[in-house]
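Asker: Here's a structure for you.
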Amino acid sequence: MEQKHIIAAKKTKEFLTTFIRNKMGYSGAIILGFFVLIAIFGPLITDYDPKEYGVADVLSPPTWDNLLGTDDLGRDVLGGVILGARISIMVGFISTLISMFVGTVVGIASGYYGRKVDTLLMRITDVFLVLPWLPLALVLTAILGASLWNIILVIGLTSWPGTARIVRSQTLSIKERQFIERARSIGANHFYIMRKHILPNVFPLIFANTVLVSAVAILSETTLSFLGMGDTTQPSWGMMLHYAFESGAASLGAYWYLMAPGLCVVLVVLGFTFIGYAFDEILNPKLKRR
């Protein structure tokens, strides 16, 4: 047991050292860490309340009192951006967990059992891959209702097929290896093999893919909220963009109202993407050798 801990500690140290040396991963970690800190300590930084009117002039340009100007109700845009970080990042993380869980279960079951199970699960996966994501998400959100948790559920249940395909292909390779045959020969059942042998071997791939899916989830929430399907009581970046366009900020020249939440979305997605590519280079043996 102690030897396992030593090996795990060495691998963790090697992973962190390699990650820090990766410029894309390091840059992405700094960007994402900054926004995560804002999301955690946001309520301590600002007293912004999305349900109240502001005391300043509407669509007022940036000043020392309002560093990012004001919105269409006279509220501080900076306060909305700070609180919006918590909502947008939370949606990204939770919907990604749902997506990863469904995709991993489907992928491992399909690749391990094969035959009829594989055919059935992959045909269902193909249906989700073929259907255009945006119309499907809009229809599901309209049916379930425009709320934050419904958006999380919709994103999670529509973004798993890519993960299922990746996990399935890796499972097909792993299940043919000798240690799986040995486990079967000593009487290990299917669930034990998938949990103890298949899952640990595909987990690095799932972990790397999780970061990229998180970026897609945040972008998806922004898209749905911008189209008016978000929760109007929650100050997410997507809802801020929605209200900015509704109030005519673009035509009135209120660039600060559009740029602030839009730039935050771009930076967070960029941070997740950088980290995802760094993980892929570190965990993928072919890219690591290269």
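The values are calculated or read from the model by the stated rules, or taken from the named source; none is laboratory data. The structure presented is a predicted model; accordingly, all values stated were derived computationally and were not measured. When we count neighbours, we look across all protein chains shown, and the Cβ atoms used for this are built from the backbone with ideal geometry, even at glycine. For accessibility, only protein heavy atoms count, side chains too; no ligands or nucleic acids. Shrake-Rupley method; radii C 1.70, N 1.55, O 1.52, S 1.80 Å.
Asker: Looking only at region 64-103, how many residues end up being more than 30 Å from residue 125 (Cα to Cα) and either in a loop (DSSP other than H, G, I, E, B) or in contact with a Pro (Cβ under 7 Å, 6 or more places away or on another chain) (or both)?
Answerer: So the answer is 15.
Asker: For residue 154, are the conditions met, namely being closer than 21 Å to residue 230 by Cα and either in a helix (DSSP H, G or I) or open to solvent by 10 Å² or more (accessible area, probe 1.4 Å) (or both)?
Answerer: yes
Results for (1) in contact with a strand residue (DSSP E or B) (Cβ under 7 Å, 6 or more places away or on another chain); (2) modelled with pLDDT under 90; (3) part of a helix (DSSP H, G or I); (4) of a type outside the set (Gly, Ala, Ser), shown as yes or no for each residue.
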residue	(1), (2), (3), (4)
251	no, yes, yes, no
257	no, yes, yes, yes
264	no, no, yes, yes
274	no, yes, yes, yes
279	no, yes, yes, yes
286	no, yes, yes, yes
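Asker: Quick one: is residue 143 in a helix (DSSP H, G or I), buried (at least 18 other Cβ atoms within 10 Å of the Cβ) and β-branched (Val, Ile, Thr)?
Answerer: So residue 143 does not fit the description; no.
Asker: Here's a follow-up. Looking at this structure, is residue 50 more than 21 Å from the chain's Cα centre (by Cα), modelled with pLDDT under 70 and under 22 Å from residue 89 (Cα atoms)?
Answerer: Yes: the conditions hold for residue 50.
Asker: Still on this structure, please answer the following. Would you confirm whether any residue within region 118-132 is closer than 17 Å to residue 243 by Cβ, crowded, with 16+ Cβ neighbours inside 10 Å and either free of Cβ contacts under 8 Å to residues at least 60 places away in the same chain or of a type in the set (D, E, K, R) (or both)?
Answerer: no
Asker: Of all residues in region 83-108, how many are farther than 17 Å from residue 212 by Cβ and open to solvent by less than 20 Å² (accessible area, probe 1.4 Å)?
Answerer: 4
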